[in-house]
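One structure below.
Quick note: the coordinates plus some simple rules give every number you see, no bench work behind them. Computed from a predicted structure; not experimentally measured. We place every Cβ from the backbone using ideal geometry, glycine too, and count neighbours over all the protein chains shown.
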2 protein chains.
Amino acid sequence: MIELRKDPISSRWVIINDSRDFQFDVNDTSCDDNISMCPFCVGNESFIPNPIACYDKNGNRISVSDENWTVKVIPNNKPILAIEGSVLRKAEGIYDKMKGVGAHEILIETQKHNDKNVYKNTENFIANIFAVQDRINDLKNDLRLEYILVFKNHGKNAGETISHPHFQLVALPIIPKSVKDEMNVSKKYYDFKERCLFCDIIDQEINSKLRIVTETNSFIAFVPFASRFPFETWILPKEHLDDFRILKDKFKIEELAEISASVIRRLYKALGENISYNLMIHSYPLKENKIDYYHWHIEIVPKITKFNGFDLGSGMYVNPTIPEESAKFLREAE
Amino acid sequence: MIELRKDPISSRWVIINDSRDFQFDVNDTSCDDNISMCPFCVGNESFIPNPIACYDKNGNRISVSDENWTVKVIPNNKPILAIEGSVLRKAEGIYDKMKGVGAHEILIETQKHNDKNVYKNTENFIANIFAVQDRINDLKNDLRLEYILVFKNHGKNAGETISHPHFQLVALPIIPKSVKDEMNVSKKYYDFKERCLFCDIIDQEINSKLRIVTETNSFIAFVPFASRFPFETWILPKEHLDDFRILKDKFKIEELAEISASVIRRLYKALGENISYNLMIHSYPLKENKIDYYHWHIEIVPKITKFNGFDLGSGMYVNPTIPEESAKFLREAE
């Protein structure tokens, strides 16, 4: 199959072409950092800044000095943005710039350094989801901030530098380009159809079943019609929800943890224990009120292909797998 | 320095932050493919499809059976798009798709397999520029095509699979997202200012001198204000020119070859002989008439950083080098 498909959410055309020789690059193990020096391991707290918050296995906040934490949040000691200062937007001739103000936090997901099961394990996801929500709620009070991106780099190919399982959270003084693109397109769709684009996609995916990986009562995981990468999988709430934070119902959070862990288990099973992947949460901007056209979602992207000049120069992607076949493979992988 | 800078051409914010530990990944040698099996080497023509065109050292078209070629163009035998068929745009429910129609050609830049000098050598660039222009002129007659992207993947990290020096040309039935983004933003700027955004940028760069790498009478090479990557360098004609093909003056083509080779030599000198990089030519779409707001340019991007979940989730980049310092380094590297 050689087909061009348009991703309705980003308006990006993607080339789906499974007719070329293609070697998946799946033998990328995690960083082999020295456990005795791991800054996220218990006993090495002197390497890192004081924690911001700790959570127990149910995601309840506990004292930062409590040793029985399940999730511990610390500031990144080499942050990509600095927490101090004001934004100060300025011109430099025709250019625009501002101070690099924001927050960069690490959510250590488990006490165990080599706990590969943490990703496959529903219980651990629950605590982490509550922790992420709690951090967003806290940072939302900082009026300099416009957007919070939560993501994970797992494996060297995905940009991991410390192999102890962790999420990262970056709070930005702007809305990042990817999210702005998604918002612009889904707003146009809403203006035209008076319906949420994401809700329409979910409907079509449920009806066709072609690209579904797995679903629960409240969530669906599917391989996008115009996936950029082999085995790319998105998770969305079936109900229209713009904001990740307002998912409060304990049962639904358990369901989200369950479906997330299930997707990760399937990726491991399909692609091997050494895969690298990124996981990103896209929710709506901090200062927006409830909006009808945006729908939060999780994007999980195995890193088994390399960026080249075509991807970079075109902003498109060449996906060497057919999304329906990737979905079938993952569907049958558990 | 921790600063957010907005790239005026893509409207993308980039984080410039040189305060983090950062290891450049420059020890990525070229693919060590087997020379006796190299499909681009003389003597191995049976491995590849018949050539489309050949050019001598002055960039003049010669017979495809002439053994004294400097540049040889062949169809990619595993193309990302297929040359046969009609585009056939169709819906699939709410999704959009079309046949994967287009062209994918390889421009073999030299007869020598391991000719690293080909990149540093003005003469060779001249023949290749003429060859690229000639191929675009030929493909422009195919009314199914909307855009032609010319690029190079040099080194494994940049997506190279065969180390024999070559450019690639992909002709697309759509305008790719990166170029569309550039056109949308520069069109808005033109509507507001009645001046070309790129021309204004060139003016400011010439006046400030801060980010210039090198210049000639007709061309400028500079590190963009909001560079996505360390040592990213753009080359633009100083005069307003929307279309790469209409650069016809032999002296100007020599100048372009000279400045391109000079930038590549500087990158090798600054980052070592084993760097990987991508080079992309952005020109205006095939079916547009002369436009006042778009300005062709070459983007050269060393691949010494890794994409991670932040880049992918935000569509932004974190550049661990200060563009003015990268520019100074490259300026002094020859």
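What aspartates and glutamates could a cross-link reach from A:K177, if we take a straight Cα to Cα line under 14 Å and drop same-chain neighbours fewer than 8 places away?
A:E146, B:D7, B:D181, B:E182, B:D311
Which whole-number percentage describes the relative contact order of chain A, with Cα contacts under 8 Å and a sequence gap of 6 or more?
Details: 718 pairs, mean separation 75.5, N = 334.
Reported as a whole number, the value is 23 percent.
Could you compute the net charge surrounding B:R195? Neighbours are other residues with a C-beta less than 13 Å from the C-beta of B:R195; K and R count +1, D and E count -1.
Values: positive: B:K187, B:K188, B:K193; negative: B:D191, B:E194, B:D200, B:D203, B:D292.
That sum, taken over residues with Cβ under 13 Å, equals -2.
Put +1 on the Cβ of each Lys and Arg and -1 on the Cβ of each Asp and Glu in chain B; which of B:L256, B:I52, B:Y294 then has its Cα farthest toward the positive end of the dipole?
The listed residue farthest towards the positive side: B:Y294.
So for the stretch A:218-309, averaging the separation of alpha carbon pairs under 8 Å that are six or more residues apart and normalising by length, what relative contact order in percent results? Show your work: numbers first, answer last.
Numbers: 129 pairs, mean separation 36.1, N = 92.
Reported relative contact order: 39 percent.
Based on the Cβ-Cβ distance from A:D200 to B:E84, what FRET efficiency comes out when R0 is 45 Å, to the nearest 0.05?
Details: r = 34 Å, r/R0 = 0.75.
Between A:D200 and B:E84 the formula returns 0.85.
So for the protein assembly as shown, taking the charge dipole from beta-carbon charges (+1 Lys/Arg, -1 Asp/Glu), which of A:P79, A:N141, B:F151 sits furthest toward the positive end?
A:N141
For the pair A:K250/A:M37, report the inter-label distance in nm, with labels modelled 7 Å from Cα in the Cβ direction.
The answer from the label model is 4.4 nm.
When you look at the Cβ of every residue in B:201-213, what mean number of other chain Cβ atoms sits within 10 Å? Please list the in-between numbers first.
Details: counts 3, 0, 2, 4, 1, 0, 1, 3, 0, 1, 0, 0, 0.
Mean inter-chain Cβ contacts per residue within 10 Å come to 1.
Just which residue of chain B brings its Cβ nearest the axis of rotation onto chain A, and by how many angstrom, rounded whole?
B:F307, 3
I'd like to verify something in chain A: which complete DSSP H helices, judged by Cα projection on the helix axis, reach 30 Å or more and average at least -0.5 on the Kyte-Doolittle scale? Present the calculation step by step, with values, prior to reporting the outcome.
Details: long enough: A:250-271 (31 Å, 0.15).
Result, helices passing both filters: A:250-271.
To the nearest 20 debye, what charge dipole does the protein assembly as shown have about its Cα centre, counting +1 at the Cβ of each Lys and Arg and -1 at the Cβ of each Asp and Glu?
For the protein assembly as shown, the charge dipole is close to 760 debye.
Run the dipole for chain B about the Cα centre, Lys and Arg Cβ at +1, Asp and Glu Cβ at -1, nothing else charged, and hand back the magnitude in debye, nearest 20. All intermediate terms of the calculation are to be shown ahead of the outcome.
Details: 43 positive and 49 negative charges, 116 e Å.
Dipole about the Cα centre, nearest 20: 560 debye.
Considering only the other residues whose Cβ falls under 14 Å of the Cβ of B:V223, what net charge follows from Lys and Arg at +1 and Asp and Glu at -1? Write down the numbers at each step before the final one.
Details: positive: B:R5, B:K209, B:R211, B:R228, B:R266, B:K328, B:R331; negative: B:D7, B:D18, B:E205, B:E215, B:E232, B:E299, B:E324, B:E325, B:E332.
Cβ neighbours under 14 Å give a net charge of -2.
In nm, what is the difference between 0.36 nm times the number of residues separating A:N207 and A:D191 and their Cα-Cα distance?
Length difference between fully extended and current span is 3.3 nm.
Using the Cβ atoms and a cut-off under 14 Å, what net charge is assigned to the surroundings of B:V150, where Lys and Arg are +1 and Asp and Glu are -1?
Numbers: positive: B:R135, B:K140, B:K152, B:R245; negative: B:E105, B:E109, B:D134, B:D138, B:D243, B:E299.
Around B:V150, the surrounding residues sum to -2.
Please report the base-10 log of the normalised intensity I(q)/I(0) for the protein assembly as shown, using a Debye sum with one equal scatterer per alpha carbon and no solvent, at each q in 0.07, 0.11, 0.12 (1/Å).
Once normalised to I(0) and log-transformed, intensities are -0.46, -1.18, -1.39.
Nearest-5 percent of antiparallel DSSP beta bridges in the protein assembly as shown?
Numbers: 108 of 114 bridges.
Counting only bridges with both partners in the protein assembly as shown, antiparallel ones make up about 95 percent.
Given points 7 Å out from each Cα along the Cα-Cβ axis, report the B:F47 to B:N184 separation in nanometres with one decimal.
4.2 nm
Which residue fluctuates the most in chain B, going by a Gaussian network model with Cα springs under 10 Å, if the choices are B:A91, B:A171, B:A131?
Greatest mean-square fluctuation among the candidates belongs to B:A91.
Once label points are set 7 Å from the Cα along Cα→Cβ at both B:R61 and B:E325, what is their separation, rounded to one decimal in nm?
5.0 nm
Order A:40-53, B:94-107 from most to least packed using the mean count of other Cβ atoms within 10 Å. Mind dumping the intermediate values first?
Values: A:40-53: 14.2, B:94-107: 21.0.
Taking the mean over residues of other Cβ atoms within 10 Å, the ranking is B:94-107, A:40-53.
Can you list the copy-to-copy distances for B:E84, using a point 7 angstrom from Cα toward Cβ, in nanometres, shortest first?
6.8
Multiply the residue separation of B:E334 and B:K140 by 0.36 nm, subtract the distance between their alpha-carbon atoms, and state the gained length in nm to one decimal. Write down the numbers at each step before the final one.
Values: separation 194, 0.36 × 194 = 69.84 nm, distance 3.80 nm.
Gain in length upon complete extension: 66.0 nm.
Mind checking which of A:F219, A:H113, A:N68 is farthest towards the positive end of the protein assembly as shown's charge dipole, using Cβ charges of +1 (Lys, Arg) and -1 (Asp, Glu) about the Cα centre?
So the residue we want is A:F219.
Rounded to whole Å, give me the distance from the Cα center of the stretch A:263-306 to that of the stretch A:154-201.
8 Å
Counting only C-alpha contacts under 8 Å and six or more residues apart, can you give the relative contact order of the stretch A:68-167 as a whole percent? Working shown, then result.
Details: 123 pairs, mean separation 29.8, N = 100.
Once divided by the residue count of the stretch A:68-167, the mean separation gives 30 percent.
Taking the inverse of the average 1/r across all pairs of different Cα atoms in the stretch B:2-331, what Kirkwood radius in Å do you get?
Details: mean 1/r = 0.0481 Å⁻¹.
That comes to 20.8 Å for the stretch B:2-331.
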